[in-house]
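*Asks:* Could you have a look at this structure, given as structure tokens, before my questions?
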Amino acid sequence: MSEAVLPRRNTISRLWNDKESRAVIVQIIATLLIFGFFAYLIRNAAINLEAIGKGYSFDFLTQPSNYDINQHFIEYTSRSSHLRAMSVGIINTLLVAVCGLVLATIVGFALGVMRLSRNWLTNKLAYVYIEYVRNVPLLLHILLVHGIIVHTLPVPKQAITVSDTAFLTNRGFYTPKPVFEPLFWVVGGLIVAGILFSLWFTRYAKKVQDQTGNHYPVFWINLGAIVGLPLVMYFLLGNPITWDTPELQGFNFKGGMVLRPEFIALWLALSLYTASFIGEIVRAGITAVSWGQTEASYALGINRGRTLNLVVIPQALRVIVPPLTSQYLNLTKNSSLAIAIGYMDIVATIGGISLNQTGREMECMTIVLLLYLTMSLLISAAMNWYNKRIKLVER
Amino acid sequence: MKLIKSAALVAVSSLITMTAQAGTLEDVQARGELNCVVTTGLAGFAAPDENGRWEGFDVGFCRAVAAAVLGDGEKVKFIPSTGKTRFTLLNSGDGDILFRNTTETLSRDADLKLTFLPINYYDGQGFMIRKDAGITSATQLDGASVCIQTGTTTELNLADFMRINSINYEPVAIETNEEGISNYSANRCDLYTTDASGLASTRAALEDPSAHMILPEIISKEPLGGAVRHGDDEWADIGKWVVNAIIIAEELGITQANAGEMAMEAGDNPSINRLLGTESNMGEMLGLDAQWAVRAIQAGGNYAELFNNNIGPDTPLGLERGLNASWRDGGILYAAPIR
Amino acid sequence: MNQKAYLPGEHPNLPPPSSIIGPVAWIRGNLFSTPANTVMTVLIVWLLYKSLPAAIDWLFIDAAYTGDNRDECKARGSGACWAFINERLRLFAYGFYPIEERWRVNLSFVLLIVATVAVLFDNLPYRKYGLYFAMAFPFIAGWLLIGGAGLTPVPTDKFGGFMLTLVIGITGIAASLPIGIALALGRQSRLPIIRLFSVGFIEFIRGVPLITLLFVASTMLSYFLPPGTSFDLLLRVLIMVTLFASAYMAEVIRGGLQAIPKGQLEAADAMGLKYWASMRLVVLPQALKISIPGIVNTFIGLYKDTTLVLIIGLLDPLGVGRASLADTKWTGLAYEVYLFVAIFFFISCFSMARYSLYLENKLQTGHKQ
């Protein structure tokens, strides 16, 4: 690659010294190298698998799984297929991820606000919490919370009870389960209608405000439509929900709903860990909006609540959302640590028991990797869409 | 700089092992060490003692193979594995042989690509429960929480048993025996289920063993044996005949103490002579020397000695020979003859 | 009141009124400024009053520091049993590394400190040689720890405890830096195929959890090696951790690259510098400098993530702790173990985070005129 001094050079070096043709050559070489590398890996795998007489086939997915899973939200028995077991795992992963996202966001925003509090104690308490939690590995938090639940909560016979309907034990938190009678669906329909109405009404109110400056109490009207009317209807129909309360029978509580210790431990640990990061993000986001904005808003006679709503938060969100996205992604991916305490998520079902009982390492790991990749891409896409929506509209 | 370069080269190359294509026996002999996959710790079968030395019934078989192949029962690297990782460790080449209270099944043999060695322990799956639960039979378990090691046949047996008897239960999946003990003693689950031998071992490790009992039902056949990878029959033969030699030694009255003496010269019993290499060199057929069986027996004794020293009635586990008695004593332990 | 008249400018400077400064004013301003604040303060003080004394009792006052087993320990004090940690301290530090060879671990650690000091402080004498040493350090440490060429070889399954954390963390970060730079440049490249591969790799790695990559390392990586080769488990883990870290590193460095004004590159072009020369001499030195806090943060993340290796059977501090808990002599001391490991990670991560913050502030003033 030395500087061209002589006027005449052979063709190869001429191609190499030309910017355009060099770009093509470099890319062809890179492609060949990378594909060659992959081909080499696949060749190795083929030879190695051949040597021990294994194939690469996903047929096992339709075979009965033969194992039981304690937490399943879709019909599942040990006769169900591995595919079904995988679906149970996916649902469990999604459940803990979604619950985690919600709790982490709430606690995280609370922590962020606490960090900005003028109360010295509140501020320092949040600071100590954030620094402790985020500087200790998540796995440790999960094991610790699980250990506390399993070792310090009472056994079912001595359950801590809340008015004999909900029970807290080291086997989980048992609550009554609502059983919906047919009439309840009227109420359900009303709630859906309320949501649709409020979506339309919010837009309508904004349009009216933009055009005339008239301001509706949007929040209260929407609340009335989504909660108020259905509530009135619920009582008019005569409480069309009955509650299935858990009862101690033999070894365990029967009936009702249960949050198992594995779920609670994973959920709490994931949320509280991620919340400490979100807290810092929120604090940074709010401090990024200059105080002048708030002052300007006050000067225009806009009240405190609306200043926060219309001036500070929209601008803070722009700073908050991108790092928040990566925290959401982290939380979802970190839910795979479930395997340490035996929560039956994707890794524990298809990537764990199925893998081991069938010996299909390649196939199972491929599935697990693809599933996580899909989830990550979906979350990224959703957050990118949201980010675009709240982005500053530049003229 | 040159020194650093060569140091780096040495460091990296010692992490990558090129194994000759020839076969496991040659690899093991070239390495001078047998990689034996065992459990992460099951008292009596395989567990490190205070000084980090592995002891137990399965460990005894590992040492016997090492003694036969390498001439020294201490030249074993023990690779602890969970129920889930054991076969992967074997198939990936990390382990040469596996002795990890592993049940022989058709799918493991054919689909997981293992070759099983002769059965060295006839077991069955049982349940352990607290005495104060007031349960006497496994059919009264409706609604119970059951701790179970994932990736084992016990997991599958349990699902079958519960389904056939229409019992509802909550499976609590755990990874290792230690976690099982921890969860069971914290009363996270009412029962712990695994092979009866494993239950005996687990129970002995609990704070108050007398507060726990093992239910009478044995819900499965669990023939436990060692295993090697598919595709190396010579190596499988060595494992197979070392196990057989240990079992036959008991029948012939050869013990750790007298094996050396009996191998000094040929005696009257041709079976003993063939086993101990004083007549017709059987070792050579296996690719070993004539003294292979002598060393295997000297490493930990014959079957009776291995059993009694590690898991027998006088140990904390207190297991009876039962099915595992020699066929001459009413058991089903019956090894093919060396001839 | 004795009123005295002053001429303008003659009035002596009085101290501020006590409602503005002093402890009382501070307390009033910071703890009881509004009714809501007062409620918060009272609530928090009550919570601390309820929890702190009990925690201190358990941690220190009622704790037992000696004893040969759990029962002895519990007889000496009703609080924490630190005797257990004390007995296992060496296991926590070295794992199962042979006792007579542990000087090698210690020596590596001392060399690590020397190398770190050389990298972190830029006004030391002979810094150039220090940097050469830092570059050679990973190889020297590798040779010291693994052995060979004159030293007794130590198999890597004997590695464990904090030493393993450091080995994985430092190898991961050191090896991922060059790969990360290459990927970041690739992602910014104007060659579409190079860009495609870089983006694909980065997004794939960032899209999956580290634990699944570790599973890949432990279950299926051997299948992709040439027939008859096998990698040590630790090496396989190191490969995966490096790939994982390099994707995150690439994104950090990309941030640094994007912060470099385009004019810099154009100026380099105008000077007649070629691509690699302009990157090496103009862009990267600036970009890397900006990225240092991000790199430290990536390192902290990786350092914490090393605990995941316990799931595939390597014994990091947490793994050592869990294995120790299985000892029947010491059953039920989980809190002591977890707390001890937590404190270790907290101290190391917190100090690194502080350092990163300090750097961030230092670099920021440099860029804002």
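*Asks:* Under the condition of being closer than 13 Å to A:Gly194 by Cα and without any contact (Cβ under 8 Å) to a residue 12 or more places away in the chain, which residue from segment A:213-231 is surrounded by the most Cβ atoms within 10 Å (Cβ to Cβ)?
*Replies:* Per the criteria, the residue is A:Gly224.
A quick yes/no check of all residues on (1) of a type in the set (Phe, Trp, Tyr); (2) within 17 Å of A:Ala284 (Cβ to Cβ):
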{"position": "A:Tyr298", "(1), (2)": "yes, no"}
{"position": "A:Gly301", "(1), (2)": "no, no"}
{"position": "A:Arg304", "(1), (2)": "no, no"}
{"position": "A:Pro314", "(1), (2)": "no, yes"}
{"position": "A:Val319", "(1), (2)": "no, yes"}
{"position": "A:Pro323", "(1), (2)": "no, yes"}
{"position": "A:Gln327", "(1), (2)": "no, yes"}
{"position": "A:Thr332", "(1), (2)": "no, no"}
{"position": "A:Leu337", "(1), (2)": "no, no"}
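*Asks:* Moving on to the next point. I'd like to check which strands (runs of 3 or more DSSP E) are fully inside segment B:161-215 and have at least 1 residues that are under 24 Å from B:Asn310 (Cβ atoms) and within 19 Å of the chain's Cα centre (by Cα).
*Replies:* Filter on segment B:161-215 gives B:191-195.
*Asks:* Within the set of pairs 6+ apart or on separate chains, which have a first residue in segment A:241-266 that is facing chain B (nearest Cβ under 9 Å), a second that is surrounded by fewer than 15 Cβ atoms within 10 Å (Cβ to Cβ) and of a type outside the set (A, V, I, L, M, F, W, C), and C-beta atoms under 6 Å apart?
*Replies:* The qualifying pairs are A:Lys254/A:Glu247.
*Asks:* Is it the case that segment C:340-361 has a residue that's within 14 Å of chain B (Cβ to nearest Cβ) and either surrounded by fewer than 18 Cβ atoms within 10 Å (Cβ to Cβ) or of a type outside the set (Val, Ile, Thr) (or both)?
*Replies:* Checked against the condition, which is being within 14 Å of chain B (Cβ to nearest Cβ) and either surrounded by fewer than 18 Cβ atoms within 10 Å (Cβ to Cβ) or of a type outside the set (Val, Ile, Thr) (or both), segment C:340-361 yields no hits at all.
*Asks:* For segment A:22-59, give me the residue count where each residue is closer than 25 Å to A:Cys364 by Cα and within 7 Å of chain C (Cβ to nearest Cβ).
*Replies:* Here the count works out to 8.
*Asks:* For segment A:41-52, does any single residue satisfy the condition of being under 30 Å from B:Ile148 (Cβ atoms) and assigned to a loop (DSSP other than H, G, I, E, B)?
*Replies:* Scanning segment A:41-52 turns up at least one residue that is under 30 Å from B:Ile148 (Cβ atoms) and assigned to a loop (DSSP other than H, G, I, E, B).
*Asks:* Among the residues of segment C:261-278, is there at least one that is modelled with pLDDT of 85 or more, among the small types (Gly, Ala, Ser), part of a helix (DSSP H, G or I) and closer than 28 Å to A:Phe277 by Cβ?
*Replies:* no
*Asks:* Residue under question is C:Phe109, and the condition is that it be aromatic (Phe, Trp, Tyr), assigned to a helix (DSSP H, G or I), free of Cβ contacts under 8 Å to residues at least 24 places away in the same chain and out of contact with any Asp or Glu (no Cβ under 7 Å at 6 or more places or on another chain); does it hold?
*Replies:* No: the conditions fail for C:Phe109.
*Asks:* Just checking, does segment C:189-208 include any residue being outside any helix (DSSP H, G or I), more than 7 Å from every other protein chain (Cβ to nearest Cβ) and in contact (Cβ under 8 Å) with a residue 24 or more places away in the chain?
*Replies:* no
*Asks:* I'd like the full set of residues that are surrounded by 24 or more Cβ atoms within 10 Å (Cβ to Cβ) and either small (Gly, Ala, Ser) or more than 11 Å from chain B (Cβ to nearest Cβ) (or both), limited to segment A:346-363.
*Replies:* A:Ile346, A:Val347, A:Ala348, A:Ile350, A:Gly351, A:Gly352, A:Ser354
*Asks:* Among the numbered criteria (1) assigned to a helix (DSSP H, G or I); (2) within 30 Å of B:Thr152 (Cα to Cα), which single criterion is violated by A:Ile379?
*Replies:* The single condition A:Ile379 does not satisfy is (2).
*Asks:* A follow-up question, please. So is B:Glu251 at pLDDT 90 or above, surrounded by 19 or more Cβ atoms within 10 Å (Cβ to Cβ), under 30 Å from B:Ile214 (Cα atoms) and not aliphatic (A, V, I, L, M) or not?
*Replies:* Considered against the rule, which asks whether it is at pLDDT 90 or above, surrounded by 19 or more Cβ atoms within 10 Å (Cβ to Cβ), under 30 Å from B:Ile214 (Cα atoms) and not aliphatic (A, V, I, L, M), B:Glu251 comes out as no.
*Asks:* Report, ordered by the first and then the second residue, all pairs with beta carbons closer than 7 Å, sequence separation of six or more or different chains, a first member in segment A:296-317 that is touching a residue at least 24 places away in the same chain (Cβ under 8 Å), and a second member that is surrounded by fewer than 16 Cβ atoms within 10 Å (Cβ to Cβ) and of a type in the set (A, V, I, L, M).
*Replies:* Once the first residue is touching a residue at least 24 places away in the same chain (Cβ under 8 Å) and sits in segment A:296-317, its partners that are surrounded by fewer than 16 Cβ atoms within 10 Å (Cβ to Cβ) and of a type in the set (A, V, I, L, M) give A:Pro314/A:Ile390; A:Ala316/A:Ala288; A:Leu317/A:Ile390.
*Asks:* Suppose the filter is free of Cβ contacts under 8 Å to residues at least 24 places away in the same chain, touching a helix residue (DSSP H, G or I) at 6+ places or on another chain (Cβ under 7 Å), crowded, with 16+ Cβ neighbours inside 10 Å and not polar (S, T, N, Q); does C:Leu308 pass it?
*Replies:* No: the conditions fail for C:Leu308.
*Asks:* Would you call B:Thr136 closer than 23 Å to B:Ala200 by Cβ, within 29 Å of the chain's Cα centre (by Cα) and not hydrophobic (A, V, I, L, M, F, W, C)?
*Replies:* It is false that B:Thr136 is closer than 23 Å to B:Ala200 by Cβ, within 29 Å of the chain's Cα centre (by Cα) and not hydrophobic (A, V, I, L, M, F, W, C).
*Asks:* Just name the residue that is nearest to B:Leu306 (Cα to Cα) out of those in segment B:216-243 that are assigned to a helix (DSSP H, G or I) and over 14 Å from the mean Cα position of the chain (by Cα).
*Replies:* Across segment B:216-243, the extreme among qualifying residues is B:Trp241.
*Asks:* Right, something else. On the given criteria, is C:Ile239 touching a residue at least 12 places away in the same chain (Cβ under 8 Å) and either away from chain B (no Cβ under 14 Å) or surrounded by fewer than 16 Cβ atoms within 10 Å (Cβ to Cβ) (or both)?
*Replies:* It is false that C:Ile239 is touching a residue at least 12 places away in the same chain (Cβ under 8 Å) and either away from chain B (no Cβ under 14 Å) or surrounded by fewer than 16 Cβ atoms within 10 Å (Cβ to Cβ) (or both).
*Asks:* Let me ask you something else. How many residues are in contact with a helix residue (DSSP H, G or I) (Cβ under 6 Å, 6 or more places away or on another chain), of a type in the set (A, V, I, L, M, F, W, C) and in a helix (DSSP H, G or I) if we restrict to segment C:43-79?
*Replies:* Total meeting the criteria: 2.
*Asks:* Okay, moving on. State all residues of segment A:62-73 that are surrounded by 18 or more Cβ atoms within 10 Å (Cβ to Cβ) and at negative phi; if no residue qualifies, say none.
*Replies:* Selection gives A:Ser65, A:Tyr67, A:Asp68, A:Ile69, A:Asn70, A:Gln71, A:His72.
*Asks:* Assuming A:Trp385 fulfils every condition listed in (1) among the aromatic types (Phe, Trp, Tyr); (2) modelled with pLDDT of 90 or more; (3) part of a helix (DSSP H, G or I) apart from one, which condition is it?
*Replies:* So A:Trp385 meets the others, but not (2).
*Asks:* State whether the residues of segment C:260-277 include one that is more than 30 Å from B:Phe78 (Cα to Cα), under 18 Å from the mean Cα position of the chain (by Cα) and surrounded by fewer than 21 Cβ atoms within 10 Å (Cβ to Cβ).
*Replies:* no
*Asks:* Also: Listed residues C:Ile168, C:Ile140, C:Ile179, C:Ile146; which is within 14 Å of chain B (Cβ to nearest Cβ) and at pLDDT 90 or above?
*Replies:* Of the residues listed, the single one that is within 14 Å of chain B (Cβ to nearest Cβ) and at pLDDT 90 or above is C:Ile168.
Okay, residues lined up against (1) within 20 Å of B:Glu179 (Cβ to Cβ); (2) hydrophobic (A, V, I, L, M, F, W, C):
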{"site": "A:Gln327", "(1), (2)": "no, no"}
{"site": "A:Ser335", "(1), (2)": "yes, no"}
{"site": "A:Ala338", "(1), (2)": "yes, yes"}
{"site": "A:Tyr343", "(1), (2)": "yes, no"}
{"site": "A:Gly351", "(1), (2)": "yes, no"}
{"site": "A:Glu361", "(1), (2)": "no, no"}
{"site": "A:Leu369", "(1), (2)": "no, yes"}
{"site": "A:Ser380", "(1), (2)": "no, no"}
{"site": "A:Tyr386", "(1), (2)": "no, no"}
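*Asks:* If you don't mind, there's one more thing I want to ask. Check segment C:4-22 and report whether any residue there is in a helix (DSSP H, G or I) and within 13 Å of another protein chain (Cβ to nearest Cβ).
*Replies:* no
The values are calculated or read from the model by the stated rules, or taken from the named source; none is laboratory data. What you see is a predicted model; the values in this text were computed from it and never measured. Cβ atoms come from the backbone with ideal geometry, glycine included; neighbour counts cover every protein chain shown.
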